[in-house]
Amino acid sequence: MQSALSEDSVTLEANRSMNTEGWSKSEINEALVTLYLRLNGYFTTGLILHSAHWGENRTELDCLAVRHPNHQQPDRGVKTSGFLSHCSDEVEEVDLLLCEVKSLPTELGFNKSLQTDVEAVRAILRWAGVFTEQQVISVADRLRPLLKEKVTIDTARNGILENRCRVRALLCVRLVPRIAALIAGAYLVPRYFDL
């Protein structure tokens, strides 16, 4: 009996997935964020939360990322991003990131369902598997304000800490210097990290 997948078909599929021809701007930006986080030591995944209603989604998270405290990549010879390496040197922390990726700086913001549905935030935290149920409830309540507008860069960078796990909600946008200069001083600037 032959296997349904041959070595050639797996290679062909891998090569096909690397072809970015036809990708939308948002798909490219999500891939860049995922690569950036991976190169900074994070495991990453996208996440779709299913709704109780057939054929509908409760919400979608562009990237859920986790980095463990003993992560090292000495062979790379590159330090972790200063923004991302905010975890304390004195306390070993897991770093859990909820990332929303936008193509346009004028559209920066988390999905409305994440801003308004505490159960969606709890479901993401349950899926990540870092907290007990009691901690999930507490963390979700404390995290929700970080998913709203007008959060400062320091607040987003610090996130919240629970049981040696730092949870941060980050907005990601790829800016060209001209656009960044045009929005300097606007409420958008403190809410994102630029790749």
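Does Asp117 fit the bill of being modelled with pLDDT of 90 or more, buried (at least 18 other Cβ atoms within 10 Å of the Cβ), under 22 Å from Gly46 (Cα atoms) and not hydrophobic (A, V, I, L, M, F, W, C)?
It is false that Asp117 is modelled with pLDDT of 90 or more, buried (at least 18 other Cβ atoms within 10 Å of the Cβ), under 22 Å from Gly46 (Cα atoms) and not hydrophobic (A, V, I, L, M, F, W, C).
Within the range 25-58, take every residue that is among the small types (Gly, Ala, Ser) and within 19 Å of the chain's Cα centre (by Cα) and give me the one that is surrounded by the most Cβ atoms within 10 Å (Cβ to Cβ). Walk me through how you get there before you give the answer.
Residues of the range 25-58 among the small types (Gly, Ala, Ser): 26, 31, 41, 46, 51-52, 55.
Keeping just the survivors that are within 19 Å of the chain's Cα centre (by Cα) gives 26, 31, 41, 46.
On the way: Ser26: 13, Ala31: 13, Gly41: 19, Gly46: 13.
Checked the range 25-58; the qualifying residue surrounded by the most Cβ atoms within 10 Å (Cβ to Cβ) is Gly41.
Got a number for residues in the range 42-61 being outside any strand (DSSP E or B) and either among the β-branched types (Val, Ile, Thr) or modelled with pLDDT of 90 or more (or both)?
1
Got a sec? Which of Thr132, Thr155 is of a type outside the set (Lys, Arg), surrounded by 14 or more Cβ atoms within 10 Å (Cβ to Cβ) and at pLDDT 80 or above? It would help to see each step written out before you state the result.
Numbers: Thr132 fails: surrounded by 14 or more Cβ atoms within 10 Å (Cβ to Cβ).
Just a single option satisfies the conditions, and that option is Thr155.
Does His68 satisfy the criteria of being free of Cβ contacts under 8 Å to residues at least 24 places away in the same chain and either closer than 28 Å to Asn163 by Cβ or among the β-branched types (Val, Ile, Thr) (or both)?
No; evaluated as a whole, the condition is false for this residue.
Residues are listed down the side, and each one gets a yes or a no for (1) closer than 23 Å to Lys25 by Cα; (2) polar (S, T, N, Q); (3) not in a loop (DSSP other than H, G, I, E, B):
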| site | (1), (2), (3) |
| --- | --- |
| Cys63 | yes, no, yes |
| Pro69 | no, no, no |
| Thr80 | no, yes, no |
| Ser85 | no, yes, yes |
| Leu98 | yes, no, yes |
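Determine which single condition Phe83 fails, assuming it passes every other condition in (1) closer than 25 Å to Leu161 by Cβ; (2) at pLDDT 80 or above; (3) of a type outside the set (Val, Ile, Thr); (4) in contact with a strand residue (DSSP E or B) (Cβ under 7 Å, 6 or more places away or on another chain).
Only one criterion is unmet by Phe83, namely (2).
Would you call Arg166 at pLDDT 50 or above and crowded, with 20+ Cβ neighbours inside 10 Å?
Against the criterion (at pLDDT 50 or above and crowded, with 20+ Cβ neighbours inside 10 Å), Arg166 qualifies.
Considering only residues that are of a type in the set (D, E, K, R) and surrounded by 13 or more Cβ atoms within 10 Å (Cβ to Cβ), which ones fall in the range 59-90?
Passing the criteria: Glu60, Asp62, Arg67.
The values are calculated or read from the model by the stated rules, or taken from the named source; none is laboratory data. Bear in mind the structure is a predicted one, so any value in this text is a computation, not a measurement. When we count neighbours, we look across all protein chains shown, and the Cβ atoms used for this are built from the backbone with ideal geometry, even at glycine.
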